[in-house]
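Below is one structure, written out as structure tokens; the observations come after it.
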Amino acid sequence: MSDVIIHAIVLGLYLVGMLGIGVYFYKRSKSQSDYFLGGRNLNVWVTSMSAQASDMSGWLLMGLPGTAFILTQNNGMAEAFWTAFGLAIGTYLNWLILAKRFRKYSEYSNNSITIPTYFENRFRDKTHLIRMISAVFIIIFFLIYTAAQFSAGAKLFNAVFGLDYTLALLIGAIVIVSYTFLGGFLAVCWSDLIQGTLMFFALIILPVIAMIKLGGSEETFNLAASLANIPDGFGVTEWMGIGSMGVLGIISIAAWGLGYFGQPHILSRFMGIKHSKDIKPARRIAMVWVIITLGAAVLLGVIGKAYMSTIVTPEALSAMDGEKIFIYMVQNLLNGPGFAIIAGLLLTAILAAIMSTADSQLLVTSSAISEDICKTIFRSKINDKQLVWISRSSVLVIAIIAVFIASDPNSSVFDLVAYAWAGFGAAFGPAILMSLYWKRMNWQGALAGILSGGISVIIWRNLVKPYFNLYEILPAFIISVCLIVIVSLLTSKPSSEIEEEYDAVIKSDI
């Protein structure tokens with residue numbers, strides 16, 4: 001039996017397992033709260049692993065190692081280091097200052113189950129503008145984000161099995177849609193627990209095997225340093241880009257961490273945890289996972305380049321697609337019947353990373369359509385059971401559009417993903433943070449912050465960034481915060497009811 005067939009069997013069994021999870025949770029999703037938040041009954045492990053697995057996506061196993069693979073050329077290794085550093089800090093702050101209060105407020109304030117609903121309930125927005133505008137942002141950005149995940153999955157199947165891109169795209173999309181359609185939030189979160197575990201061990205195992213093959217860590221990094229023309233080896237200067245990267249460049253890269261405060265698919269995990277007291281132990285698990293996987297992903301790119309230099313010619317190495325280094329290493333390190341099973345499991349980790357994000361994005365987008373748009377327009381004319389089926393139908397429609405967007409195998413989606421990350425981070429991040437920590441904030445300020453954050457990202461990226469290379473999330477985030485404060489102070493203070501609720505939530509124990 002060939003290695004490719006063994007890889008196919010392992011991947012096939014994994015996909016069947018994911019479908020089984022969807023079927024299992026189908027009967028347990030009877031209401032909107034069940035379908036979108038699992039009845040707020042997630043345990044510590046599922047919450048922490050699901051939040052991080054849905055966050056990182058295929059980027060963790062492909063994009064970040066691919067950046068480090070460049071080594072010092074174009075500051076690739078330093079860029080990977082500061083990206084990982086910014087994301088780790090952003091993850092920690094998200095869990096530390098936002099998660100617990102957001103969990104409490106989302107339940108206390110009329111049991112909000114989506115981000116737009118939370119905003120409307122928090123500020124008693126009778127115009128419904130915040131809810132509708134937030135829902136539109138979610139639909140637009142997540143359509144592109146989901147298409148990126150579908151495309152990455154198709155490229156994995158294409159590279160490993162030689163499948164036609166379109167066929168590979170459809171296979172991946174059908175599986176992801178199926179268990180999301182059936183099981184909703186619980187299926188997505190429990191599958192994320194499995195997927196996050198796979199990603200964790202894959203990122204640790206592969207670099208270790210490569211270093212053993214190369215004779216140890218010292219030999220490996222000396223070889224990598226020689227490829228980067230650094231005769232004295234890697235030091236702090238090389239890893240951190242000191243002298244080669246300016247302060248503005250470092251700040252721009254590390255600013256990715258700001259995006260965490262506004263990502264709906266991550267924030268929904270905080271809303272779904274069983275009790276706010278569970279946030280602290282979940283944070284500890286999440287941070288161990290994040291620090292180890294981000295560090296391992298950066299090392300994978302560096303070690304991978306050193307290893308592949310012993311396999312291919314210098315010309316082939318320079319032409320190699322760094323984002324596929326994980327796949328190249330699996331295919332070259334693990335050959336033969338026994339090792340092919342391990343290789344299949346490691347390749348499954350890439351699919352797990354892709355699926356853990358795509359399913360979350362589908363679910364959040366469907367919630368924006370059913371809970372925030374349909375429920376707002378039709379009011380009491382739609383019952384809870386009908387809303388669940390509208391949500392499930394939305395998953396199908398969104399997936400079809402995302403497949404269409406991803407249908408071009410030559411399209412590049414990395415910039416669009418960065419665009420969506422900045423859009424969510426700047427539009428929702430400041431508004432959510434300040435809504436949890438500033439009692440004087442009102443609905444006009446929230447609306448101004450959401451609109452200015454999203455619009456600033458678009459303007460900066462298209463009109464300013466070509467002349468001033470700063471990641472758009474940073475200026476947009478600052479603009480959003482400023483407008484929230486200014487508009488809130490220039491308009492009427494919140495009602496006594498809203499202020500009393502704020503005080504009650506801060507003191508509550510739910």
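The numbers here are math on the coordinates, done by the rules we state, and not lab data. Keep in mind the model is a prediction, meaning the values are calculated, not measured. Virtual Cβ from ideal backbone geometry, glycine too; neighbours counted across all protein chains shown.
Report note on the peptides 327-335, 50-58, 389-397: ranked by the mean count of other C-beta atoms within 10 Å, highest first, their order is 50-58, 327-335, 389-397.
How many times 2.2 N^0.38 Å is the alpha carbon radius of gyration of the stretch 243-323?
1.61
Under the rule a/c < 1.5 gives rounded, and otherwise a/b versus b/c splits prolate from oblate, where does the stretch 380-510 land using the Cα gyration tensor? Note, shape of the stretch 380-510 comes out oblate. Taking each pair of different alpha-carbon atoms in the stretch 215-349 once, compute 1/r for the pair, average those values, and report the inverse of that mean as the Kirkwood hydrodynamic radius in Å to one decimal. Its Kirkwood hydrodynamic radius stands at 18.4 Å.
When you count the other C-beta atoms within 10 angstrom of each residue and take the mean per peptide, 463-470, 160-167 line up highest first as 160-167, 463-470. Each Lys and Arg contributes +1 and each Asp and Glu -1, all at the Cβ; summed about the Cα centre of the stretch 3-507, the dipole is approximately 1800 debye.
Counting only lysines at least 8 places from Lys507 when in the same chain, those with an alpha carbon closer than 21 Å to its own are Lys100, Lys104, Lys274, Lys277, Lys280, Lys439. Counting only residues at least eight positions apart within a chain, or on another chain, the aspartates and glutamates with an alpha carbon under 12 Å from that of Lys155 are Asp164, Glu323, Asp408. As a rough footprinting exposure proxy, the listed residues His275, His265, His7 were ranked by other beta carbons within 10 Å of their own, and the order from fewest upward is His275, His7, His265. For the chain, the longest principal axis of the Cα atoms and the long axis of helix 337-367 meet at an angle of about 20 degrees.
Within the same chain, lysines fewer than 8 places from Lys375 are excluded, and of the rest, those with a Cα less than 18 Å from its Cα are Lys30, Lys126, Lys385. Using just its DSSP H runs of length 4 or more, each adding -39500 (n - 2.57), the chain gives a mean residue ellipticity at 222 nm of -24500 deg cm²/dmol after division by all residues.
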